[in-house]
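Quick one: the structure is below, questions incoming.
The values are calculated or read from the model by the stated rules, or taken from the named source; none is laboratory data. Bear in mind that the values here come from a model prediction, so they are computed numbers and not experimental data. No Cβ is skipped: glycine too gets one built from the backbone with ideal geometry, and neighbour counts run over all protein chains shown. Ligands, DNA and RNA are stripped out before the accessible areas are found, and what is left, the full protein with its side chains, is counted by its heavy atoms. Shrake-Rupley method; radii C 1.70, N 1.55, O 1.52, S 1.80 Å.
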Protein chains: 2
Amino acid sequence: MGNRLKWKVFAALSIGSLLIPGVNVVNADIDQVSIKPKTHVLKANSENVRWGNIGKGEAVLTVNSGDIVTVDAITHHSGDDYERMIKGDAGVEDIFHWTESEKTEADRGPGVHIMTGPIAVEGAEPGDVLEVKILDMKLRPNGNGEYAGKTYGSNVAANWGFLYGEMEEEPVTREVVTIYEMDSEGGTDYAKALYSYRWTPQTDPDGNVHPTIDYPGVVVDHTTVEENHNVLKDVRVPVRLHFGTMSVAPKEADIVDSVPPSYYGGNIDDWRVTEGATMYYPVSVPGALLSIGDPHAGQGDSELNGTAIETSVTGDVQIILHKKDKLDNKLKSLNFPLLENENEWVVHGFSYANHLEELGEDAQKEIFDKSSLDKAMKDAAHKTKAFLIRGMELTEDEAYSLMSVTTDFGVTQVVDGNWGVHAIIDKKLFGDAERSMTPLRSSFEQFGAKIEWEPNTKMVSILYNGNTLSAKIGETKAAFNGETVRLIAPIQLNAQKSAEVSEYFVDFYQAKLSKTN
Amino acid sequence: MGNRLKWKVFAALSIGSLLIPGVNVVNADIDQVSIKPKTHVLKANSENVRWGNIGKGEAVLTVNSGDIVTVDAITHHSGDDYERMIKGDAGVEDIFHWTESEKTEADRGPGVHIMTGPIAVEGAEPGDVLEVKILDMKLRPNGNGEYAGKTYGSNVAANWGFLYGEMEEEPVTREVVTIYEMDSEGGTDYAKALYSYRWTPQTDPDGNVHPTIDYPGVVVDHTTVEENHNVLKDVRVPVRLHFGTMSVAPKEADIVDSVPPSYYGGNIDDWRVTEGATMYYPVSVPGALLSIGDPHAGQGDSELNGTAIETSVTGDVQIILHKKDKLDNKLKSLNFPLLENENEWVVHGFSYANHLEELGEDAQKEIFDKSSLDKAMKDAAHKTKAFLIRGMELTEDEAYSLMSVTTDFGVTQVVDGNWGVHAIIDKKLFGDAERSMTPLRSSFEQFGAKIEWEPNTKMVSILYNGNTLSAKIGETKAAFNGETVRLIAPIQLNAQKSAEVSEYFVDFYQAKLSKTN
C-alpha cells in the first residue's frame, strides 16, 4: 500500500511538467527506493480484445509511464484445433464463442488478429514516442486436461502465402494446417509437428461456407478433414516466442486493418520482437492506444507460407512514454517502429512507409496489390541512413559507407500486404557509445535493489520488490524467482574483477524486477 | 618426395573408374596414412588473373580432386590508393601496370573483378558438382614499407549503389571512396576508416577521362581529390574476410561478365563465403574452371552502396569433385551455388536463376535493367523448398511449413544486376541427421593424424602432415601452427567425457591439416 501511494504521488508529478521519460521514471533524483511502477493484469476475454482492428477505440486499461502490464495474447488460429487450443480455457472460449444465436466477438475485421487492448497511456500525445519493453513471454497452457502440460500452435500454408498457387504438387492452391506441440513449462525449447491436414470447406454457425481461409475464428470441424500424423517426424523447431502484432493506433483512420504493418507498428512479424527486446513507436493519437496480439512460437524471416507457429502467450511489458520535447537523437522524428535489444538496433522498412497516408482513401485495400520487396528495401535503406545520421551523429557519407560494410538487411515478411525489410545495426560498431558497460552492484543498488554475491559459486543475486534474479558470472542460464531463464547477456567481470553489465541490461532487469506479483 | 609419389599413384587411380569423390579421397580404404592431397600455390601476377571475365579459358593450373590451392586474390579497387594498395607489391604492380605504352592487363571486361584462375579440375564434366572448402583467409600485407603491418581496403559509394542519386545532400550523384585500415597480422579484428574522398574525373594513361567510376584499375591521382581524415572516428568495423566472387564457368557464353551472379556462382557477395564455409557449384563445362577473386574484409547483407571493404587476401581452398553419378540427395540436380558451414545450409536465389539462359543473347546487358528483389525472393523460396524436399527428404507440405516457421531469408545484394536473396537453413532442426557428432580421436586417427591430450589444461592437439591444431575443450580460440585461429565450433565433451566434434568439423580440419607448407 505504501509503495502504491508513493507511486501515485510520483505518477501525478510525472504527468505534469515534471514528467521524466524513460528509465528516469525510477532513477529520478527523488525518493528512488520507494518508487515502483504499478503492475496491471489484462486477461484474455472478449471484453479485453478486438478482432482485426488496431485503430482508435475505448481503452480497456489506462497506465502511467513506467507501468508494467501482464497481458494475455490469444492466437486467432485457435479454431484450427478446438480441442487443443480452445476447449477448457474460459478466456479463449469466451473470445471464440459463436453459435447460431450468439457470437461474443461479432465484429471481426477488417483484419484477423485478436488484439488485446487498446491500452491508453496517461499523457501520451501525438509526437511522443512510446517505448514497450518485453520483459517476459510464456506459452499459455492449453485448458483441456487431456493435453495437460502442453501448448499447441498452428501453422497455416494459407491463400495469402508467398507460394500459394505455385506449389509443385496438385492441388497447387491447397491450404494446409500443421499443428505443433510444445511443452507449456519450457521443459523443452522446441516445437514438434503433431499432425497436419488440408483445409476443407468449413461451415460457420451462421451457415456460411468457407471454402478457403477467409474469416478469422472459424472452428474447424475435424470430421471433415484428414489428419496426417506422419509429419516432420525428426524435426525440432526452436521456440522463439514473439508478438507478431504490437501497435499504437494511427491517426489516419478510425478502423485499421491489423494485417498490414506500417509506421505505427502493427503486424511487423519480426521474430526479434521477443523477450529482451524494446520497441519504440511514434505516437500519433492521444493516449497512444497500444494493442498487443498475434503471438508466435516460431517464425523465419519472410513468414513464407503466410503464418508462423501461431499460439497463445502471456507476456509482461513495461510501457514508457517519451515526451516529444525530451526525445534523444535516436527517437527525435521517429517515423517507424524501431527495435532495440542488448546488441542491436533494428530498423523496419515497408513497401509503403505510411500506406494509409500514401495510398489515400482506399489504402487499406490497395496495399495488398502493391506489395513489393524492392520498395521495402528502398524504404529500409533510407530509414537506416537517416537513423545513423540522426542517432549516431554520422555524416551522410559515413552512414552510407558504414551500412554497406556492416548492416545486414533481411526480409521481414512477404505475406502481410505491406511487405517488410529490416536492417540490423550492430551496437558494437560504436563501442561504448552504444553499448556502455556499467558496474552491476552500484547500478542496481542505485534504485534500491540488494545484491548478494557468493564467491565460491560466482553466483550473483539481485533482489528487488520481492523478485530475485540469480546468475553465474559468464553464463546466460539464470534463475528468476527460481525459474530458469536465459539472460539477455552474461554478467561479465571487468579488468578489476568487478561484475559489469550493459546499461541496457540494467534498464531491462530493473523493469523485470519491478513487477509486483 | 615419398608422399608425392604415393599421391600420384592415388591420383592416377582416382581419375579413372575408381574416383572417390569428397572426403573419401583421403578416407578411402587403401593406404590412408600416406595419401595426402597436393598443395598448389597460385600467386598474384598478370599471368594468373583475368580481369572481369569468369568464362571459359585456358587454365592457369590443373588440380586433382582433393588438392589444396593457396590462392592470392587481389582487389580491383587497389587503384583507389596506389600508395597503400599497390606500391611495393610486385604482384599487384604487375597486374595494375598501365602506362602510355604498356598495359599488362589490357583486356579488362566485361566485368570488373580481378579473378585468379581459371583452375581446371581433372576429370570434371558437366553435371558434376564442384565443392570448394575455404580453409583459410588472410589479409595480404601492403607492400609499401611506409605502411608496414597494415592492409588497406576501399569502400566505394558507387554509381551502381542502391541509393545513388537519392542522397539527401548535394550532389546526390556523388561517388565517395572510404579507405579502411586493418592490421595485416590480425592483431586487431576490426577495420577503421582512415580517410575518404569524393571521386573526381580521373584521366587514365591512354588519355581517357573517367568522370565516374566506369572502368576498373584506374589509379586515382590523389592531387585531384580532397582527403577527409575525419571519418567514422570512433567506429570499428568487424573484419569478416570473404570472397565476393568465386565461380565455375557457365556453358552459355564464352566471355562472362563477372558482375552478375547466377547459377554458376560468381559475384554472389555473401559474406558467409568465408573461412570455414564450403561452396558447391554445378559444373557445366569440362574442367569446371574455377575463378576466385573480389576479396572483401567486411560487407553487410545487401552491399548497399555498391561495394564492401574491397581488399586483397590470400586464401587456402580445397577443391573436391563430386561425379554426377555419385551425388547425394542434396547435390543431385543442384542448379545454384549452395553454401554449407558448421551450422547452416545457405541457398542462393537471384532475380534470374540463370540469366544467361533466360534472357537470351543480350542477357549480360539486360540483366542490369531487370534487377528485382521480388523475383529473387521467389527464386530463393522455390529453391529452398526443392532443397528441403530433395536433400532432407521432406514432403512438399512439410518443407513449406518448416520454411515458414524457421528459415530466415535475407537480402544478399542489390547492386550486382542479378539481385540476390539467400535462405538460411539451420542444421540443428534436423538433429543428428544434419549435424552428427563423432569422436574426435578416432575420427582424426582414421586418416593418420596423431592426437595429444593434456588433461591438466584440457588441451587437445591434432598433428598431421607437419601441421598442428591445438585447442582447449569448449573454446573456439585455438592455435594452428602456433598462430591464433578461431575454430568453426568448440570441441565438446560428450556424456562419456570423451571429446567429440561434428563430421563437418572433421572434414574441414582434416583438409586444413593436409596442407603442405
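Report the accessible area of residue B:432, computed with a 1.4 Å probe over the heavy atoms of all protein chains in place, in Å² rounded to the nearest 10.
110 Å²
Could you state the angle between the C-alpha long axis of helix A:503-513 and the longest principal axis of the C-alpha atoms of chain A, as a value from 0 to 90 degrees rounded to the nearest 10?
70 degrees
Within 12 Å, Cβ to Cβ, of residue A:136, how many net charges do the neighbouring residues add up to if Lys/Arg are +1 and Asp/Glu are -1?
+2
What does the accessible area of residue B:41 come to, in Å² to the nearest 10, when a probe of 1.4 Å is used?
My reading of the accessible area for residue B:41 is about 90 Å².
Taking 4 °C and 1.567 mPa s as the conditions, I'd like the Stokes-Einstein D for chain A in µm²/s, using the Kirkwood hydrodynamic radius from alpha carbon pairs.
Approximately 55 µm²/s, per Stokes-Einstein.
Another question about this same structure. Which whole-percent values make up P(r) of the stretch A:43-178 when all C-alpha to C-alpha distances are grouped in 10 Å steps starting at zero?
10, 31, 32, 20, 5, 1
Quick one: ranking A:435, B:441 by accessible area, 1.4 Å probe, largest first, what do you get?
Putting A:435, B:441 in descending order of accessible area: B:441, A:435.
Give the Debye-formula value of log10 I(q)/I(0) at each listed q (0.14, 0.19, 0.27 Å⁻¹), with one equal scatterer per alpha carbon of the stretch B:363-403, two decimals each.
Results for the stretch B:363-403 at q = 0.14, 0.19, 0.27 Å⁻¹ read -0.42, -0.59, -0.83.
Please state the shape class of the stretch B:322-397: rounded when a/c is under 1.5, otherwise prolate if a/b exceeds b/c and oblate if not, all from the C-alpha gyration tensor.
Since a/c reaches 1.5 and a/b is larger than b/c, the shape of the stretch B:322-397 is classed as prolate.
Rounded to the nearest 5, what % of the DSSP beta bridges within the protein assembly as shown are antiparallel ones?
Once the DSSP bridges in the protein assembly as shown are tallied, antiparallel ones form about 90 percent.
Taking each residue in B:298-311, count the Cβ atoms of any other chain within 10 Å of its Cβ, then average. What number comes out?
6
What net charge is computed for the residues neighbouring residue A:100, neighbours being all others with C-beta under 14 Å from the C-beta of residue A:100, Lys and Arg scored +1, Asp and Glu -1?
Spelling it out: positives minus negatives among the neighbours equals -2.
Quick one: plug the Kirkwood hydrodynamic radius of the stretch A:466-517 (C-alpha pairs) into Stokes-Einstein at 10 °C, 1.306 mPa s, and report D in µm²/s.
Using the Kirkwood radius from Cα pairs, D works out to 137 µm²/s.
If you don't mind, there's one more thing I want to ask. Kindly identify the stretch B:160-253 as rounded, prolate or oblate by the Cα gyration tensor criterion: order the square roots of the eigenvalues as a ≥ b ≥ c, call it rounded if a/c is under 1.5, otherwise compare a/b with b/c, prolate if a/b is larger, else oblate.
Here the stretch B:160-253 falls in the oblate category.
Another question about this same structure. Give me, ordered by chain and number, the residues 5 or more places off residue A:213 or on other chains with an amide H under 5 Å from its own placed amide H.
Under 5 Å from the amide H of residue A:213 lie the amide H atoms of A:159, each far enough along the sequence or on another chain.
Once Lys and Arg get +1 and Asp and Glu get -1 on their Cβ, which of A:135, A:119, A:91 lies farthest toward the positive end of the dipole of the stretch A:47-149?
It is A:135, whose Cα lies furthest towards the positive end.
May I ask what percent, to the nearest 5, of DSSP beta bridges between residues of chain A are antiparallel?
Percentage antiparallel, nearest 5: 90.
Let me ask something additional. How many partner chain Cβ atoms sit within 10 Å of a residue's Cβ in peptide A:409-417, on average, as a whole number?
If you average over the peptide's residues, the count of other-chain Cβ atoms is 5.
Let me check something: with ligands and nucleic acids excluded, how do B:361, B:452 order by accessible area (1.4 Å probe), largest to smallest?
B:361, B:452
Between residue B:497 and the same site in the other copies, what are the distances in nm, shortest first, taking label points 7 Å from Cα along the C-beta direction?
Nearest first, the other copies' label points are 2.9 nm away.
Evaluate the relative contact order of chain A (contact order divided by residue number), counting alpha-carbon pairs under 8 angstrom at least 6 apart; express in whole percent.
Result for chain A is 16 percent.
Which whole number of Å³ per residue matches the convex hull of the alpha-carbon atoms in the protein assembly as shown?
181 Å³
Treating only the Cβ of Lys, Arg, Asp and Glu as charged (+1, +1, -1, -1), what charge dipole size does chain B show about its Cα centre? Round to the nearest 20 debye.
2140 debye
Something else: With a 1.4 Å probe and every protein chain left in place, tell me how much accessible area residue A:459 has, in Å² to the nearest 10.
60 Å²
Under 1.5 on a/c is rounded, so check that first for the stretch A:81-130, then, if it is not, pick prolate when a/b is larger than b/c and oblate when it is not; a ≥ b ≥ c are the square roots of the alpha carbon gyration tensor eigenvalues.
Prolate shape, in that a/c is at least 1.5 and a/b is the bigger ratio.
Something else: Would you rank A:89, A:325 by solvent-accessible area, highest first, keeping every protein chain in place and using a 1.4 Å probe?
The residues order as A:325, A:89, largest area first.
Can you list the copy-to-copy distances for residue B:149, using a point 7 angstrom from Cα toward Cβ, in nanometres, shortest first?
Residue B:149 label point versus its equivalents elsewhere: 6.1 nm.
Shielding of A:426-433 by partners, i.e. mean partner chain Cβ atoms within 10 Å per residue?
If you average over the peptide's residues, the count of other-chain Cβ atoms is 3.
What does the charge add up to near residue A:217, with Lys and Arg as +1, Asp and Glu as -1, over the other residues with Cβ less than 11 Å from its Cβ?
Once all neighbours under 11 Å are counted, the net charge is -1.
Moving to a separate point now. Relative to the other copies, what are the label-point distances for residue B:226, with labels 7 Å from Cα along the C-beta vector, expressed in nm at one decimal and sorted shortest first?
Label-point distances to the other copies, shortest first: 7.4 nm.
Right, here's the next one. Would you list the P(r) distribution for the stretch B:300-429, with all Cα-Cα distances sorted into 10 Å bins from 0 and each bin expressed as a whole %?
Result, from short to long distances: 12, 35, 36, 17, 1 percent.
Could you state the principal axis extents of the C-alpha atoms in the stretch A:400-517, from the largest down, to the nearest angstrom?
For the stretch A:400-517, the Cα extents along the three principal axes come out at 49, 36, 25 Å.
Can you run phi through the Karplus equation (6.51, -1.76, 1.60; θ = phi - 60°) for the stretch A:381-388 and list ³J(HN,Hα) in whole Hz, with x for Gly and Pro?
Each residue of the stretch A:381-388 in turn: 5, 5, 5, 5, 4, 4, 5, 5 Hz.
In whole Å, what are the extents of the stretch A:265-348 along the principal axes defined by its C-alpha atoms, from largest to smallest?
Computed over the stretch A:265-348, the largest-to-smallest principal extents equal 42, 25, 21 Å.
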